[in-house]
Structure formats: structure tokens, C-alpha cells
Amino acid sequence: MTLESFARGIERTLDALLGCAIAVMVGSMVWQVAGRYVFGHAPGWSEELSRYLMLWVTMLGAAAALRSGGHLSVTALVDSLGARGVAVVLALRDAVVVIAAGLLAWQGFWFAELNGAQESAAMEIPMTVPYGALPVGAALIVVMVVLSRMLGAPFASQPASEESVF
């Protein structure tokens with residue numbers, strides 16, 4: 001297995017997980033609305049499930065969008081630099097992202113562990129499950145940045161095309 005196929009495998013897995021999570025969120029909210037307005041009784045678990053899935057979608061989605069350059073970026077500085085300056089700025093950016101995500105993963109792990117004894121109100125699951133999105137997502141961000149650098153294609157700042165400008 002090559003490093004590139006490993007990175008693509010992670011991306012495909014994240015895409016599948018995100019698609020499933022979003023589908024479950026939509027189904028849960030439809031059930032919530034139908035329960036409230038059609039049946040006169042909304043289930044308590046559906047809102048909580050959607051809220052916790054939103055945490056996971058946010059953190060996993062940040063990692064998934066990273067390698068393809070899907071994050072919003074302002075490229076004024078990068079566009080004004082030469083090739084060497086761009087390389088330095090992108091390396092600095094990658095280092096800052098890895099340090100920030102590493103700290104988030106480390107502190108998120110301790111935060112999830114600290115709240116592990118507490119249970120959620122409606123679903124009665126350990127709060128480690130929703131809080132686990134922080135360290136898992138942050139660790140995946142670090143992995144995606146490192147893989148991008150190792151493959152020689154750091155996640156790029158994508159210049160906006162004329163079609164994407166409002």
C-alpha cells in the first residue's frame with residue numbers, strides 16, 4: 001500500500017462517514033419535526049443526536065476538506081509572493097495548523113476523558129462520545145497535513161475562479 005492510496009483511503013472513509021452522519025442528522029430532524037407537529041410528541045433523543053453528530057461532522061469535515069484545499073482562504077499574500085516565498089508561507093501555515101491541531105487533540109482528549117463519567121440527558125450515553133470529536137478530528141487534521149507534506153503536495157490555497165465569485 002502506497003502513501004497516496006493510504007491518504008485516499010482516509011479521504012474516502014471520511015467522506016462515507018460524513019455522508020452517513022449527515023443522512024442520520026436529516027432523518028433525525030425530520031423525525032423530530034414530524035413528532036412535534038404531526039404526532040404531538042417530539043422524541044427527546046433526536047435533537048441531542050443531531051447536535052452530537054454536528055460536532056462530529058464539523059471536526060471530521062475539517063479534516064476531509066483539508067487535503068483537497070476545500071477550506072476558505074484569502075490568497076492576497078500568497079498571490080503577491082514568488083515561488084520561494086509561497087513555499088515558506090505554506091510551510092509556516094502547515095506548521096501552525098499542526099501545532100494548533102496537536103494542542104486541540106491533546107487538550108480535547110483530556111476534556112473528553114474528564115467528562116466521561118457524565119451521561120447525556122436524553123440518550124444516556126457517556127459524554128466522551130460527543131466530546132471525542134475534538135481529539136479525533138484534530139488528530140485527523142494533523143494526519144492530513146503531514147500526509148499532504150509527505151506526498152509533496154501541501155494542501156493548496158485554491159484561487160477563486162470567476163464562476164465562484166459572487
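The values are calculated or read from the model by the stated rules, or taken from the named source; none is laboratory data. Because the structure is predicted, anything quoted here is derived from the model rather than measured. Here Cβ is always computed from backbone atoms with ideal geometry, including for glycine, and neighbour counts include all displayed protein chains.
Scanning segment 42-68 for residues that are polar (S, T, N, Q) and free of Cβ contacts under 8 Å to residues at least 60 places away in the same chain gives Ser46, Ser50.
Pairs meeting the criteria (first residue in segment 138-152 and under 11 Å from Gly102 (Cβ atoms), second residue modelled with pLDDT under 90 and polar (S, T, N, Q), beta carbons under 7 Å, at least 6 apart or on different chains) are lacking. I'd like the full set of residues that are of a type outside the set (Ser, Thr, Tyr) and either in a loop (DSSP other than H, G, I, E, B) or at positive phi (or both), limited to segment 1-22. Across segment 1-22, the qualifying residue is only Met1. For segment 50-72, the criterion of a residue being part of a helix (DSSP H, G or I) and either more than 25 Å from the chain's Cα centre (by Cα) or charged (D, E, K, R) (or both) is satisfied by at least one position. Within segment 30-41, residues that are in contact (Cβ under 8 Å) with a residue 24 or more places away in the chain and loosely packed, with under 12 Cβ neighbours inside 10 Å reach no partner that is assigned to a helix (DSSP H, G or I) and of a type outside the set (S, T, N, Q) with beta carbons closer than 9 Å at six or more positions or on different chains. Checking the stated criteria, Val129 turns out not to satisfy the condition of being surrounded by 13 or more Cβ atoms within 10 Å (Cβ to Cβ), touching a residue at least 40 places away in the same chain (Cβ under 8 Å) and either among the polar types (S, T, N, Q) or under 13 Å from Val142 (Cα atoms) (or both). Restricting segment 23-49 to residues that are hydrophobic (A, V, I, L, M, F, W, C) and outside any helix (DSSP H, G or I), the residue that is farthest from Ser120 (Cα to Cα) is Val38.
A quick yes/no check of all residues on (1) in contact with a Leu (Cβ under 9 Å, 6 or more places away or on another chain); (2) farther than 30 Å from Ser148 by Cα; (3) at pLDDT 95 or above:
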site: Trp56; (1), (2), (3): yes, no, yes
site: Leu66; (1), (2), (3): yes, no, no
site: Ser73; (1), (2), (3): no, no, no
site: Gly82; (1), (2), (3): no, no, no
site: Val89; (1), (2), (3): yes, no, no
site: Arg93; (1), (2), (3): no, no, no
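The single condition among (1) within 22 Å of Ala133 (Cβ to Cβ); (2) surrounded by 12 or more Cβ atoms within 10 Å (Cβ to Cβ) that Gly9 does not meet is (2). For segment 99-113, filtered to residues that are surrounded by 13 or more Cβ atoms within 10 Å (Cβ to Cβ) and of a type in the set (A, V, I, L, M), the residue that is farthest from the chain's Cα centre (by Cα) is Ala112. Filtering segment 14-29 to residues that are without any contact (Cβ under 8 Å) to a residue 24 or more places away in the chain and either surrounded by 13 or more Cβ atoms within 10 Å (Cβ to Cβ) or touching a Phe, Trp or Tyr at 6+ places or on another chain (Cβ under 6 Å) (or both) leaves Gly27, Met29. Among the numbered conditions (1) at pLDDT below 90; (2) in a helix (DSSP H, G or I), the only one that Val97 does not meet is (1).
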